[in-house]
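In what follows, a structure is listed as structure tokens, so that the remarks can point back to it.
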Amino acid sequence: MLQLLDFTGQNIIATKADDLLGLKDYEKIHPFIHNIINTGNKVRWYFEMDDDSNSGSTGFWEDGVIEINYGSMKFTHSDDIEVIAIVGDKKWEKCMKSIMKPFKNAKVVYFEMAEKEKAKAWIINNEK
């Protein structure tokens, strides 16, 4: 499941994944994307992964693959994403950079969980 974090606002979408992800999670942030691009801005996405969730599930990873069916997802706003800060355990870096490939025009920076505050500052302060 994808949760919106409290610093979502203006041109920032801040999310935390703590369970299996799918099409409904993308649909959850889709209206926020529209609100941002309607103001003439590009989206800045903070994406935190918490695989130490207490949800009782196996986490959001199954055999190292996130549960997203790219075949049924249409990334109609891939050009509207300016930067993406991915925050998570180092073991997911390569996989997550691959998953974010549809957002080819966005600058993607990976931060380890210990660098969470640095990632937030990077997104909030519009640092490229």
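Read the figures in this text as sums done on the coordinates, not as results from a lab. Just so it is clear, the model here is predicted, and its values are computed rather than measured. Reconstructed Cβ throughout: ideal geometry from the backbone, glycine too, with neighbour counts over all protein chains shown.
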Region 1-50: number of residues that are surrounded by 15 or more Cβ atoms within 10 Å (Cβ to Cβ), of a type in the set (A, V, I, L, M, F, W, C) and part of a strand (DSSP E or B): 9
Any pair with Cβ under 8 angstrom, 6 or more apart, that starts in region 95-106 at a residue that is more than 12 Å from TRP45 (Cβ to Cβ) and ends at one that is in a loop (DSSP other than H, G, I, E, B): CYS95/GLY64; ILE99/ILE68; PRO102/TYR70; PRO102/PHE75
Residue list for region 80-117, restricted to those being part of a helix (DSSP H, G or I), of a type outside the set (A, V, I, L, M, F, W, C) and either in contact with a Gly (Cβ under 8 Å, 6 or more places away or on another chain) or surrounded by fewer than 14 Cβ atoms within 10 Å (Cβ to Cβ) (or both): LYS90, LYS91, LYS94, SER98, GLU117
